[in-house]
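Undergrad: Got a structure here, written out as C-alpha coordinates. Questions coming.
The values are calculated or read from the model by the stated rules, or taken from the named source; none is laboratory data. Keep in mind the model is a prediction, meaning the values are calculated, not measured. Cβ sites come from the backbone with ideal geometry, for glycine too, and all protein chains shown count toward neighbours. Just the protein is used for accessible areas: all its heavy atoms, side chains included, with ligands, DNA and RNA removed. Shrake-Rupley method; radii C 1.70, N 1.55, O 1.52, S 1.80 Å.
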Amino acid sequence: MTAHAPHVRASGAGPSVICLHANASSSVQWRGVMDLLSADHRVLAPDLYGAGRSPDWPSDSRIALSDEVDFLAPVFDESGESFVLVGHSYGAAVALVAALIWPERVRALAIYEPTLFAVVDARQPQPNGTEGIHAAVAASVAALDGGDLHEAARHFIDYWMGDDSFAAMPEPRRQAVAESMRNVRRWAHALTTEPTPLEAFAALDMPVLYMLGASSPASVHAVANALIPRLPKVEVVEFAGLGHMAPVTHPDQVNAEIVRFIAEVAP
(Lines give C-alpha, C1' and ligand atoms only; values in the text may rest on other atoms or scores of the structure.)
Protein backbone atom coordinates (compact mmCIF):
# COMPACT_ATOMS: atom_id res chain seq x y z
CA MET A 1 0.00 0.00 0.00
CA THR A 2 1.32 3.45 -0.87
CA ALA A 3 1.17 6.58 1.27
CA HIS A 4 -1.78 7.67 -0.85
CA ALA A 5 -3.72 4.40 -0.74
CA PRO A 6 -7.43 4.66 0.01
CA HIS A 7 -9.02 3.74 3.29
CA VAL A 8 -11.19 0.66 2.68
CA ARG A 9 -14.08 -0.94 4.53
CA ALA A 10 -14.14 -4.68 3.88
CA SER A 11 -16.33 -7.60 4.85
CA GLY A 12 -17.22 -11.11 3.76
CA ALA A 13 -15.58 -13.69 1.54
CA GLY A 14 -16.17 -14.87 -2.01
CA PRO A 15 -16.33 -13.12 -5.40
CA SER A 16 -15.39 -9.47 -5.06
CA VAL A 17 -17.71 -6.45 -5.17
CA ILE A 18 -16.32 -2.91 -4.98
CA CYS A 19 -18.66 -0.07 -3.95
CA LEU A 20 -17.86 3.56 -4.82
CA HIS A 21 -19.62 6.40 -3.01
CA ALA A 22 -21.05 9.77 -4.08
CA ASN A 23 -19.69 13.30 -3.57
CA ALA A 24 -20.05 14.72 -0.06
CA SER A 25 -20.25 11.13 1.18
CA SER A 26 -17.94 8.24 2.06
CA SER A 27 -17.79 4.46 2.15
CA VAL A 28 -20.18 4.58 5.12
CA GLN A 29 -23.07 4.93 2.66
CA TRP A 30 -22.60 1.31 1.56
CA ARG A 31 -22.90 -0.36 4.99
CA GLY A 32 -26.35 -1.73 4.17
CA VAL A 33 -25.40 -3.34 0.88
CA MET A 34 -22.23 -4.70 2.48
CA ASP A 35 -24.34 -6.42 5.13
CA LEU A 36 -26.55 -7.94 2.43
CA LEU A 37 -23.75 -9.17 0.18
CA SER A 38 -21.03 -10.20 2.62
CA ALA A 39 -22.48 -13.65 3.30
CA ASP A 40 -21.45 -14.71 -0.22
CA HIS A 41 -19.08 -12.00 -1.45
CA ARG A 42 -15.96 -10.10 -0.50
CA VAL A 43 -17.23 -6.51 -0.39
CA LEU A 44 -14.79 -3.60 -0.47
CA ALA A 45 -15.92 0.02 -0.06
CA PRO A 46 -13.06 2.53 -0.41
CA ASP A 47 -13.12 6.21 0.46
CA LEU A 48 -12.24 8.21 -2.64
CA TYR A 49 -9.75 11.09 -2.59
CA GLY A 50 -10.46 13.57 0.20
CA ALA A 51 -13.41 11.59 1.56
CA GLY A 52 -13.85 9.70 4.81
CA ARG A 53 -10.50 8.49 6.08
CA SER A 54 -8.64 8.60 2.76
CA PRO A 55 -5.90 11.16 2.07
CA ASP A 56 -6.52 14.34 0.13
CA TRP A 57 -5.60 14.77 -3.54
CA PRO A 58 -1.79 15.17 -3.33
CA SER A 59 -1.29 17.61 -6.19
CA ASP A 60 -1.83 21.18 -7.29
CA SER A 61 -3.03 19.91 -10.68
CA ARG A 62 -6.67 19.35 -11.52
CA ILE A 63 -8.00 15.88 -10.80
CA ALA A 64 -9.44 13.55 -13.45
CA LEU A 65 -11.64 10.49 -13.05
CA SER A 66 -8.70 8.39 -14.22
CA ASP A 67 -6.75 9.69 -11.20
CA GLU A 68 -9.46 8.28 -8.96
CA VAL A 69 -9.16 4.96 -10.81
CA ASP A 70 -5.38 4.98 -10.28
CA PHE A 71 -5.95 5.70 -6.58
CA LEU A 72 -8.11 2.56 -6.39
CA ALA A 73 -5.37 0.28 -7.79
CA PRO A 74 -4.67 -1.33 -4.38
CA VAL A 75 -8.38 -2.12 -4.03
CA PHE A 76 -8.49 -3.70 -7.47
CA ASP A 77 -5.37 -5.73 -6.63
CA GLU A 78 -7.00 -6.99 -3.44
CA SER A 79 -10.13 -7.98 -5.40
CA GLY A 80 -8.47 -10.65 -7.49
CA GLU A 81 -8.84 -11.30 -11.20
CA SER A 82 -12.37 -9.96 -11.52
CA PHE A 83 -14.97 -7.99 -9.58
CA VAL A 84 -18.32 -6.24 -9.77
CA LEU A 85 -18.34 -2.44 -9.52
CA VAL A 86 -21.16 -0.63 -7.74
CA GLY A 87 -21.26 3.15 -7.87
CA HIS A 88 -23.44 6.12 -7.04
CA SER A 89 -23.19 9.60 -8.62
CA TYR A 90 -19.49 10.58 -8.74
CA GLY A 91 -18.62 7.01 -7.73
CA ALA A 92 -20.68 5.70 -10.64
CA ALA A 93 -18.75 7.96 -13.03
CA VAL A 94 -15.49 6.62 -11.60
CA ALA A 95 -16.84 3.07 -12.02
CA LEU A 96 -17.60 3.66 -15.71
CA VAL A 97 -14.09 4.95 -16.40
CA ALA A 98 -12.59 2.07 -14.42
CA ALA A 99 -14.56 -0.40 -16.53
CA LEU A 100 -13.16 1.17 -19.70
CA ILE A 101 -9.62 0.90 -18.32
CA TRP A 102 -10.04 -2.65 -16.95
CA PRO A 103 -12.77 -4.26 -19.12
CA GLU A 104 -11.33 -7.75 -18.70
CA ARG A 105 -11.61 -7.49 -14.90
CA VAL A 106 -15.02 -5.88 -14.42
CA ARG A 107 -17.65 -8.62 -14.44
CA ALA A 108 -20.62 -6.29 -14.15
CA LEU A 109 -21.59 -2.73 -13.26
CA ALA A 110 -24.43 -1.58 -10.98
CA ILE A 111 -24.59 2.21 -11.18
CA TYR A 112 -27.01 4.79 -9.81
CA GLU A 113 -27.10 8.03 -11.81
CA PRO A 114 -23.49 8.57 -12.89
CA THR A 115 -22.83 12.31 -13.00
CA LEU A 116 -20.76 12.21 -16.16
CA PHE A 117 -21.88 15.60 -17.43
CA ALA A 118 -19.04 15.86 -19.96
CA VAL A 119 -20.73 13.39 -22.30
CA VAL A 120 -23.82 15.63 -22.48
CA ASP A 121 -21.95 18.91 -22.88
CA ALA A 122 -19.71 17.44 -25.59
CA ARG A 123 -22.71 16.28 -27.60
CA GLN A 124 -24.84 19.42 -27.37
CA PRO A 125 -24.25 22.93 -26.01
CA GLN A 126 -26.45 24.25 -23.26
CA PRO A 127 -29.36 24.32 -22.80
CA ASN A 128 -29.03 20.54 -22.71
CA GLY A 129 -30.27 19.62 -19.24
CA THR A 130 -27.00 20.24 -17.39
CA GLU A 131 -27.45 23.96 -16.79
CA GLY A 132 -28.91 23.37 -13.32
CA ILE A 133 -25.85 21.58 -11.99
CA HIS A 134 -23.52 24.12 -13.58
CA ALA A 135 -25.44 26.91 -11.82
CA ALA A 136 -25.40 25.06 -8.49
CA VAL A 137 -21.66 24.48 -8.69
CA ALA A 138 -21.06 28.13 -9.60
CA ALA A 139 -23.10 29.24 -6.58
CA SER A 140 -21.24 26.81 -4.33
CA VAL A 141 -17.86 28.03 -5.59
CA ALA A 142 -18.87 31.67 -5.02
CA ALA A 143 -19.89 30.85 -1.44
CA LEU A 144 -16.68 28.91 -0.93
CA ASP A 145 -14.64 31.86 -2.17
CA GLY A 146 -16.52 34.00 0.33
CA GLY A 147 -15.49 31.67 3.13
CA ASP A 148 -18.97 30.25 3.78
CA LEU A 149 -18.77 26.46 3.64
CA HIS A 150 -22.32 26.01 4.87
CA GLU A 151 -23.74 28.24 2.15
CA ALA A 152 -21.68 26.35 -0.42
CA ALA A 153 -23.14 23.10 0.90
CA ARG A 154 -26.67 24.50 0.86
CA HIS A 155 -26.48 25.30 -2.85
CA PHE A 156 -25.02 21.89 -3.67
CA ILE A 157 -27.23 19.68 -1.48
CA ASP A 158 -30.46 21.55 -2.19
CA TYR A 159 -29.85 21.13 -5.92
CA TRP A 160 -29.61 17.38 -5.52
CA MET A 161 -32.19 16.82 -2.78
CA GLY A 162 -34.61 19.74 -2.98
CA ASP A 163 -35.02 23.07 -1.22
CA ASP A 164 -34.17 23.17 2.50
CA SER A 165 -32.66 19.66 2.44
CA PHE A 166 -29.34 20.86 3.78
CA ALA A 167 -31.00 22.78 6.62
CA ALA A 168 -32.98 19.67 7.56
CA MET A 169 -29.87 17.53 8.05
CA PRO A 170 -28.70 16.71 11.59
CA GLU A 171 -25.99 19.14 12.68
CA PRO A 172 -23.08 16.63 12.61
CA ARG A 173 -24.00 15.64 9.06
CA ARG A 174 -24.34 19.29 8.00
CA GLN A 175 -20.87 20.02 9.33
CA ALA A 176 -19.31 17.03 7.52
CA VAL A 177 -20.97 17.95 4.23
CA ALA A 178 -19.91 21.58 4.59
CA GLU A 179 -16.30 20.55 5.10
CA SER A 180 -16.47 18.37 1.99
CA MET A 181 -17.36 21.43 -0.11
CA ARG A 182 -13.66 22.28 -0.19
CA ASN A 183 -13.57 19.66 -2.96
CA VAL A 184 -16.38 21.07 -5.11
CA ARG A 185 -14.06 22.52 -7.78
CA ARG A 186 -12.26 19.18 -7.99
CA TRP A 187 -15.46 17.21 -8.46
CA ALA A 188 -16.81 19.62 -11.04
CA HIS A 189 -13.59 19.61 -13.04
CA ALA A 190 -13.41 15.82 -13.17
CA LEU A 191 -17.05 15.41 -14.19
CA THR A 192 -17.28 18.23 -16.73
CA THR A 193 -13.93 17.78 -18.49
CA GLU A 194 -13.74 13.97 -18.71
CA PRO A 195 -12.25 13.43 -22.18
CA THR A 196 -13.70 9.98 -22.91
CA PRO A 197 -16.00 10.28 -25.94
CA LEU A 198 -19.55 9.06 -25.59
CA GLU A 199 -19.04 6.40 -28.26
CA ALA A 200 -16.30 4.73 -26.17
CA PHE A 201 -18.86 3.42 -23.70
CA ALA A 202 -20.22 1.07 -26.38
CA ALA A 203 -17.16 -1.07 -25.64
CA LEU A 204 -18.48 -1.96 -22.17
CA ASP A 205 -19.60 -5.47 -23.05
CA MET A 206 -20.48 -6.53 -19.51
CA PRO A 207 -23.91 -6.54 -17.82
CA VAL A 208 -24.85 -3.07 -16.58
CA LEU A 209 -27.63 -2.19 -14.15
CA TYR A 210 -28.39 1.51 -14.69
CA MET A 211 -30.58 2.90 -11.89
CA LEU A 212 -32.44 6.21 -11.91
CA GLY A 213 -34.72 8.17 -9.63
CA ALA A 214 -37.82 9.43 -11.42
CA SER A 215 -37.68 12.61 -9.31
CA SER A 216 -33.98 13.32 -9.86
CA PRO A 217 -32.73 16.56 -11.47
CA ALA A 218 -32.68 16.94 -15.24
CA SER A 219 -28.88 16.78 -15.38
CA VAL A 220 -28.65 13.10 -14.48
CA HIS A 221 -31.49 12.20 -16.80
CA ALA A 222 -29.61 13.97 -19.59
CA VAL A 223 -26.57 11.80 -18.80
CA ALA A 224 -28.76 8.69 -18.81
CA ASN A 225 -30.29 9.62 -22.17
CA ALA A 226 -26.79 9.88 -23.62
CA LEU A 227 -25.24 6.80 -22.03
CA ILE A 228 -27.96 4.16 -21.92
CA PRO A 229 -28.31 3.73 -25.72
CA ARG A 230 -24.54 3.14 -25.95
CA LEU A 231 -24.37 0.35 -23.36
CA PRO A 232 -24.84 -2.99 -25.14
CA LYS A 233 -25.96 -5.07 -22.14
CA VAL A 234 -27.86 -2.57 -20.03
CA GLU A 235 -30.85 -3.09 -17.76
CA VAL A 236 -32.58 0.12 -16.67
CA VAL A 237 -34.46 0.42 -13.39
CA GLU A 238 -36.21 3.68 -12.53
CA PHE A 239 -37.54 4.21 -9.01
CA ALA A 240 -40.83 6.07 -8.88
CA GLY A 241 -40.83 8.98 -6.45
CA LEU A 242 -37.13 8.73 -5.58
CA GLY A 243 -34.34 11.18 -6.29
CA HIS A 244 -30.62 11.34 -6.81
CA MET A 245 -29.71 10.49 -3.23
CA ALA A 246 -31.94 7.41 -3.03
CA PRO A 247 -29.00 5.07 -2.25
CA VAL A 248 -28.70 7.09 0.99
CA THR A 249 -32.30 8.14 1.66
CA HIS A 250 -33.98 4.88 0.53
CA PRO A 251 -31.22 2.28 0.71
CA ASP A 252 -33.52 -0.73 1.14
CA GLN A 253 -35.10 -0.23 -2.29
CA VAL A 254 -31.85 0.49 -4.11
CA ASN A 255 -29.83 -2.18 -2.34
CA ALA A 256 -32.45 -4.82 -3.12
CA GLU A 257 -32.00 -4.16 -6.84
CA ILE A 258 -28.21 -4.27 -6.55
CA VAL A 259 -28.32 -7.59 -4.71
CA ARG A 260 -30.83 -9.03 -7.17
CA PHE A 261 -28.73 -7.96 -10.18
CA ILE A 262 -25.47 -9.35 -8.78
CA ALA A 263 -27.16 -12.67 -7.96
CA GLU A 264 -28.41 -12.93 -11.56
CA VAL A 265 -25.32 -11.88 -13.53
CA ALA A 266 -22.30 -12.33 -11.26
CA PRO A 267 -23.12 -14.74 -8.43
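Undergrad: Could you list log10 I(q)/I(0) for the stretch 6-71 at q = 0.18, 0.21, 0.26 Å⁻¹, which the Debye formula gives when each Cα is one point scatterer?
TA: So the normalised log intensities work out to -0.65, -0.82, -1.08.
Undergrad: Only bridges with both residues in the stretch 1-112 count here: give the DSSP antiparallel percent, nearest 5.
TA: Close to 20 percent.
Undergrad: Let me ask another. Based only on the alpha carbon positions, what is the Kirkwood hydrodynamic radius of the stretch 155-238, in angstrom?
TA: 15.3 Å
Undergrad: Which of the GluC sites (Glu not before Pro) found in the stretch 96-151 are loop residues per DSSP with 14 or fewer other Cβ atoms within 10 Å of their Cβ?
TA: For GluC sites (Glu not before Pro) across the stretch 96-151 that sit outside H, G, I, E and B with at most 14 neighbouring Cβ atoms in 10 Å, the list reads Glu104.
Undergrad: Separate question: Tally up the carbon and sulfur contribution to the accessible surface of the chain as a whole percent, 1.4 Å probe, everything protein left in place.
TA: Details: 5680 of 10860 Å².
Of the solvent-accessible surface of the chain, carbon and sulfur hold 52 percent.
Undergrad: At 222 nm, what value in deg cm²/dmol follows for the chain if DSSP H runs of at least 4 each add -39500 (n - 2.57) and the sum is divided by all its residues, to the nearest 500? Before the final figure, lay out the partial values.
TA: Numbers: 13 runs with 118 residues, N = 267.
Mean residue ellipticity at 222 nm (helix-derived): -12500 deg cm²/dmol.
Undergrad: Let me check against my output: what whole-number percent is the relative contact order of the chain, with C-alpha pairs under 8 Å and at least 6 apart?
TA: 20 percent
Undergrad: Further question on the same structure: Name the longest site-free stretch of the chain, where the excluded sites are trypsin sites (Lys or Arg not before Pro) in a DSSP loop with no more than 14 other beta-carbon atoms within 10 Å.
TA: 63-232
Undergrad: Once the dipole of the chain is set up with Lys and Arg at +1 and Asp and Glu at -1 on Cβ about the Cα centre, which of Leu85, Ala178, Gly241 lies farthest towards its positive end?
TA: Checked the options; the winner is Leu85.
Undergrad: Also, quick follow-up: Once label points are set 7 Å from the Cα along Cα→Cβ at both Glu235 and Glu81, what is their separation, rounded to one decimal in nm?
TA: 2.5 nm
Undergrad: Give the calculated FRET efficiency between Arg62 and His150 to the nearest 0.05, with a Förster radius of 22 Å applied to their Cβ-Cβ distance.
TA: Working: r = 25 Å, r/R0 = 1.15.
Computed FRET efficiency for Arg62 and His150: 0.30.
Undergrad: Now, a different point. Multiply the residue gap between Asp252 and Ala214 by 0.36 nm, knock off their C-alpha separation, and tell me the result in nm, one decimal place.
TA: That works out to 12.0 nm of additional length.
Undergrad: Can you pull the accessible area of Glu199 for me, 1.4 Å probe, Å² to the nearest 10?
TA: In the full protein context, Glu199 sits at about 120 Å².
Undergrad: Which shape class applies to the chain: rounded if a/c is under 1.5, otherwise prolate when a/b exceeds b/c and oblate if not, where a ≥ b ≥ c are the square roots of the Cα gyration tensor eigenvalues? Don't jump to the answer; show the numbers that get you there.
TA: On the way: a/c = 1.39, a/b = 1.25, b/c = 1.11.
In terms of gyration-tensor shape, rounded.
Undergrad: A follow-up question, please. How many percent of DSSP beta bridges within the chain run antiparallel, rounded to 5? Intermediate values should be presented prior to the final figure.
TA: Numbers: 4 of 28 bridges.
Of those bridges, close to 15 percent are antiparallel.
Undergrad: Leaving out ligands and nucleic acids, and using a 1.4 Å probe, what accessible area per residue does the stretch 1-101 come to in Å²?
TA: Values: 3740 Å² over 101 residues.
Value for the stretch 1-101: 37 Å² per residue.
Undergrad: Still on this structure, please answer the following. What ³J(HN,Hα) values, in whole Hz, does the Karplus curve 6.51 cos²θ - 1.76 cosθ + 1.60 give for the stretch 185-193 when θ = phi - 60°, with x put for Gly and Pro?
TA: Coupling constants for the stretch 185-193: 5, 4, 4, 4, 4, 4, 7, 9, 10 Hz.
Undergrad: Next question. Once you've got the GNM for the chain with C-alpha springs shorter than 10 Å, pick whichever of His189, His155, His221 has the biggest mean-square fluctuation.
TA: His189
Undergrad: Reported to two decimal places, what Rg/Rh ratio describes the stretch 102-248 when computed on Cα atoms with Rh from the Kirkwood expression?
TA: 0.99
Undergrad: Would you be so kind as to identify which of Ala98, Ser140, Ala226 lies farthest towards the positive end of the dipole of the chain, taking Lys and Arg as +1 and Asp and Glu as -1 on Cβ and the Cα centre as origin?
TA: Farthest towards the positive end: Ala98.
Undergrad: Follow-up question, since we're still on this one. Which of Pro74, Pro170, Pro114 moves most in a GNM of the chain, Cα contacts under 10 Å?
TA: Most flexible of the set in this elastic network: Pro170.
Undergrad: If you take the square roots of the eigenvalues of the alpha-carbon gyration tensor of the stretch 142-197 and sort them as a ≥ b ≥ c, do you get rounded (a/c under 1.5), prolate (a/b over b/c) or oblate?
TA: Prolate.
Undergrad: Also: Among Thr115, Thr196, Thr130, whose mean-square fluctuation peaks in a Gaussian network model of the chain (Cα, cutoff 10 Å)?
TA: Of the options given, Thr196 has the highest mean-square fluctuation.
Undergrad: Accessible area per residue for the stretch 167-267 in Å², computed with a 1.4 Å probe and the full protein assembly in place, what is it?
TA: Numbers: 4390 Å² over 101 residues.
Accessible surface, normalised per residue, equals 44 Å².
Undergrad: Mind jotting down the distance between the C-alpha centroids of the stretch 1-57 and the stretch 149-187, whole Å?
TA: 22 Å
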